[in-house]
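Enquirer: Before I ask anything, let me first share the structure, which is written out below as structure tokens.
The values are calculated or read from the model by the stated rules, or taken from the named source; none is laboratory data. For clarity, every value in this text was computed on a predicted model and none was experimentally measured. All Cβ positions, glycine included, derive from the backbone under ideal geometry; neighbour counts span all protein chains shown.
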Amino acid sequence: MNGIRVTGRGYAVAMTTLILTVAGADRPGLVAAVADVVEAHGGNWENSRLAELAGTFAGVIEVSVSADRAAELESALSALDGLLTVAVHTGSDAAANPADREIDIRVLGNDRPGIVREVSGVLNAHALSIEELTSETKDAAMAGGRLFEASVTARVPASVDLHALRADLERLATEIQVDITVA
């Protein structure tokens, strides 16, 4: 996403959005290291999703920076190699269609391979775009085994038949024996 920001001095600065993907062995100071580089090169930390997963710190960060400093910031981020692997992508100007709506989907059931593939396949078949997906497995306290739980926020084009989508998700829930709720 590119834009214009008007500064306090009254002149416009062309802005670029960079999407950073970061990963590395989890340890204190990783977020601070990235934030220091972003700030030192005139960037602004806009949005992020960061987590520790199985001893690895991983995340996605949206940064805005003046277009004339984007290459400098990208180069400086590569200096974090060894501490973190950082990949830099330029953000897209694609904006959501205002006629689209969002739905929230929750999935809960006994863990087994393929749940994410099955649910995302139904969403894809109805042309939904996943805006956010979080999932986890945990021990089932009373029943033994593992539980799978996921939360999905998806963008639904106005052309999608919500009744057909719900019917397909209900059919899938029965097939793979999980609870799927749509709000």
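Okay, residues lined up against (1) under 28 Å from ARG146 (Cβ atoms); (2) in the same structural domain as ALA158 (by TED's automatic domain parsing); (3) in contact with an Asp or Glu (Cβ under 8 Å, 6 or more places away or on another chain):
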{"residue": "LEU18", "(1), (2), (3)": "no, no, yes"}
{"residue": "ALA23", "(1), (2), (3)": "yes, no, no"}
{"residue": "VAL31", "(1), (2), (3)": "no, no, no"}
{"residue": "ALA35", "(1), (2), (3)": "no, no, no"}
{"residue": "GLU72", "(1), (2), (3)": "no, no, no"}
{"residue": "SER75", "(1), (2), (3)": "no, no, no"}
{"residue": "ASN110", "(1), (2), (3)": "yes, yes, no"}
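Enquirer: Right, next: Would you point out the residue of region 141-158, among those that are among the aliphatic types (A, V, I, L, M) and surrounded by fewer than 14 Cβ atoms within 10 Å (Cβ to Cβ), that is farthest from GLY114 (Cα to Cα)? Before the answer, list the steps.
Expert: Step one: filter region 141-158 for residues among the aliphatic types (A, V, I, L, M), giving 141-143, 147, 150, 152, 154, 156, 158.
Still in the list and also surrounded by fewer than 14 Cβ atoms within 10 Å (Cβ to Cβ): 141-143, 158.
Details: ALA141: 23, MET142: 24, ALA143: 21, ALA158: 28 Å.
Among those residues, the one meeting the criterion is ALA158.
Enquirer: Just one of GLU175, GLU102, GLU170 is surrounded by fewer than 16 Cβ atoms within 10 Å (Cβ to Cβ) and closer than 24 Å to ILE19 by Cβ; which is it? Break it down stepwise before answering.
Expert: Values: GLU175 fails: closer than 24 Å to ILE19 by Cβ; GLU170 fails: closer than 24 Å to ILE19 by Cβ.
Within the list GLU175, GLU102, GLU170, the selection yields GLU102.
Enquirer: Filter region 92-142 for residues that are in contact with a Phe, Trp or Tyr (Cβ under 7 Å, 6 or more places away or on another chain), β-branched (Val, Ile, Thr) and over 16 Å from THR181 (Cβ atoms) and give the result.
Expert: If the condition is that a residue be in contact with a Phe, Trp or Tyr (Cβ under 7 Å, 6 or more places away or on another chain), β-branched (Val, Ile, Thr) and over 16 Å from THR181 (Cβ atoms), then THR137 is the only one that fits.
Enquirer: Mind listing just one residue for me: the one in region 32-83 that is surrounded by fewer than 17 Cβ atoms within 10 Å (Cβ to Cβ) and of a type in the set (S, T, N, Q) and, of those, nearest to LYS138 (Cα to Cα)?
Expert: This residue is THR56.
Enquirer: So, in region 77-110, exactly how many residues are under 20 Å from SER129 (Cα atoms) and in a strand (DSSP E or B)?
Expert: Our first condition is that a residue be under 20 Å from SER129 (Cα atoms); within region 77-110, this holds for 89-107.
Okay, now just the ones that are also in a strand (DSSP E or B), so 89-90, 101-107.
Residues that pass the stated criteria total 9.
Enquirer: Taking into account only those residues within region 120-140 that are among the hydrophobic types (A, V, I, L, M, F, W, C) and under 25 Å from SER48 (Cβ atoms), which is surrounded by the fewest Cβ atoms within 10 Å (Cβ to Cβ)? Before the answer, list the steps.
Expert: Within region 120-140, the first condition is being among the hydrophobic types (A, V, I, L, M, F, W, C), and the residues that meet it are 122-123, 125, 127-128, 130, 133, 140.
Next, only the ones that are under 25 Å from SER48 (Cβ atoms) stay: 123, 128, 130, 133.
Working: LEU123: 21, LEU128: 21, ILE130: 14, LEU133: 16.
Ranking the qualifying residues of region 120-140, first place goes to ILE130.
Enquirer: For region 42-87, name all the residues that are in contact with a Ser or Thr (Cβ under 8 Å, 6 or more places away or on another chain), of a type outside the set (Gly, Ala, Ser) and touching a residue at least 40 places away in the same chain (Cβ under 8 Å).
Expert: Correct list: VAL60, ILE61, GLU62, VAL63, VAL65, VAL86.
Enquirer: Only one of (1) assigned by TED's automatic domain parsing to the domain that holds ALA40; (2) at pLDDT 95 or above fails for GLY82. Which number is that?
Expert: With (1) assigned by TED's automatic domain parsing to the domain that holds ALA40; (2) at pLDDT 95 or above applied to GLY82, the lone miss is (2).
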